[in-house]
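Asker: First the structure, then my questions, so here it is.
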Amino acid sequence: MIADTPGLLDQIRGRFAHVDTCPFTGRRVFFENAGGALTLNSVVETSAKFAAIPDNQGRDNPAAQVLVAVIDRAKADMAVFFNAPGGQFFVGESGTELLFRLIRTAILGTPEGRVLGSTLEHPASRSAARHWAEVAGKPHVLVPHDDATGSVNAAAYAPEITEDTCVATILHTSPVTGMGVDVAAIAAGIRKVAPDCIIIVDGIQHAAHGRLDIESYGVDGYVVSPYKVFSRHGYGVAWVSDRLNALKHEHLIDAPGNPWEFGTRDTGSYATFSDVVDYFDWLGGQVSDETDRRKRIVAAGEAIHAQEAALTEAMIHGTGNLKGLAEMPGVTIIGGPENPLREGLVSLAVAGLDAPEVVTKLRERGIRTHTRKADHYSGNVLTPLGMEGAVRVSMCHYNSEAEVAQFLQAMREITEGMEAT
């Protein structure tokens, strides 16, 4: 859809900073999007603008009134972007910090019962659930994910769901395997047995791929890290349902409105998320004739998904006269080459080479990727596979098939070099 529209990919790439050039090393292909997506130029400009403003919200002056209006607009934008007509949005230190706060509130604010999660989850949610379950004296049960697919589904959750399941956590997309999870199906399975369960979703890895729809998920909390969805570091965004909001949570004594935020937040963080929503709105207008803003955002998500699917297909099965990863000797693809759950990410290993060596060889050929090690971040996925590390190659919709071809040529040189030895 994006590649089929003349000039659109160039327009898209023109909206991002450092799309093909590292400010420190020169030209490169950026396939490290899962570690942090490229930043919109508008976000860079907005950040500088609001960093220079000395005024705070809530004062009796025009500048303060503008800041309040910017925050109000951003929260309205978030509601449209995530399709969340109820509940409330707020920002915090990071996605990880917000997951800890939401999970802590849920565990400490619910009756006795089980805390349910899965082995697929990032340590942000697993660590928070484990810690606060221990503090509250509640059992923390982890549903095993499927090593073969690199994901987890509702059928896997089902045997562990009990009537006293009071809190559940779900990972929307794995940052190690790149595989998505059917959040709505898992949540529906939980609600069928434990309707009052508080369900919190880690959407950090999923957000850049679009197709967000909180209303359809049936959950109580959703968290993203904006630097992974075209904004910048320094803040996270959380949504809480009215049910989760009603639970006792920390805030300043006698503060109005039952707030979640501590202190004066950076107005620029809110403003830069509006930039993200505006970008999705713009992209939706390029790939559809929709006039409704939410429908344009949905169209953008579909276009993003289609572009990333085409790129991963080319990477795995080849493009032009270049063989894909599936045909390269000694290359193992985590989750298998044919996996409909994949979201713009391919994790791989090369026989005879440690993952950091492959990442270095790719970097020397102008391709930016990343090593995932069997450590506290990724050991939950890699250790059961008997792997000490993997090479994570993560794409986004602004990447091109020409960049995939550069990567495949580099991998061809690396694997043929292994054969020669």
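Asker: Which numbered condition trips up ARG101, out of (1) at pLDDT below 95; (2) among the basic types (Lys, Arg); (3) buried (at least 17 other Cβ atoms within 10 Å of the Cβ)?
Answerer: The number of the failed condition is (1).
Asker: Would you mind listing the helices (runs of 4 or more DSSP H) fully within the range 1-88 where at least 3 residues are over 30 Å from PHE407 (Cα atoms) and either out of contact with any Gly (no Cβ under 9 Å at 6 or more places or on another chain) or outside the structural domain of SER347 (by TED's automatic domain parsing) (or both)?
Answerer: Result: 41-51, 62-82.
Asker: In contact (Cβ under 8 Å) with a residue 60 or more places away in the chain, closer than 24 Å to PHE30 by Cα and either surrounded by 22 or more Cβ atoms within 10 Å (Cβ to Cβ) or not hydrophobic (A, V, I, L, M, F, W, C) (or both) - does that describe any residue in the range 256-263?
Answerer: no
Asker: Still on this structure, please answer the following. Kindly indicate whether ALA155 is in the same structural domain as HIS251 (by TED's automatic domain parsing) and assigned to a strand (DSSP E or B).
Answerer: On the way: in the same structural domain as HIS251 (by TED's automatic domain parsing): yes; assigned to a strand (DSSP E or B): no.
Criteria not met by ALA155.
Asker: Here are some conditions: (1) free of Cβ contacts under 8 Å to residues at least 24 places away in the same chain; (2) at positive phi. ARG130 meets all but one. Which one does it not meet?
Answerer: If we test ARG130 against (1) free of Cβ contacts under 8 Å to residues at least 24 places away in the same chain; (2) at positive phi, just (2) comes out false.
Asker: Turning to a different aspect of this structure: Scan the strands (runs of 3 or more DSSP E) fully inside the range 167-281 and keep the ones with 3 or more residues being under 24 Å from ALA300 (Cα atoms) and either among the polar types (S, T, N, Q) or touching a helix residue (DSSP H, G or I) at 6+ places or on another chain (Cβ under 9 Å) (or both).
Answerer: 221-224, 236-240
Asker: Restricting to the range 9-27, count the residues that are closer than 20 Å to VAL277 by Cβ and over 24 Å from the mean Cα position of the chain (by Cα).
Answerer: Total satisfying the criteria: 0.
Asker: Any residue at all in the range 280-293 that's surrounded by 20 or more Cβ atoms within 10 Å (Cβ to Cβ) and touching a strand residue (DSSP E or B) at 6+ places or on another chain (Cβ under 9 Å)?
Answerer: No - not one qualifying residue is present in the range 280-293.
Asker: Against the condition part of a helix (DSSP H, G or I) and without any contact (Cβ under 8 Å) to a residue 60 or more places away in the chain, how does ARG104 come out, does it pass? Quick ask: steps written out before the conclusion?
Answerer: Details: part of a helix (DSSP H, G or I): yes; without any contact (Cβ under 8 Å) to a residue 60 or more places away in the chain: yes.
Against the criterion (part of a helix (DSSP H, G or I) and without any contact (Cβ under 8 Å) to a residue 60 or more places away in the chain), ARG104 qualifies.
The values are calculated or read from the model by the stated rules, or taken from the named source; none is laboratory data. The shown structure was predicted, so the numbers you read here are calculated from the model rather than taken from an experiment. In this analysis, Cβ positions are derived from the backbone assuming ideal geometry, glycine residues included, and neighbour counts consider all displayed protein chains.
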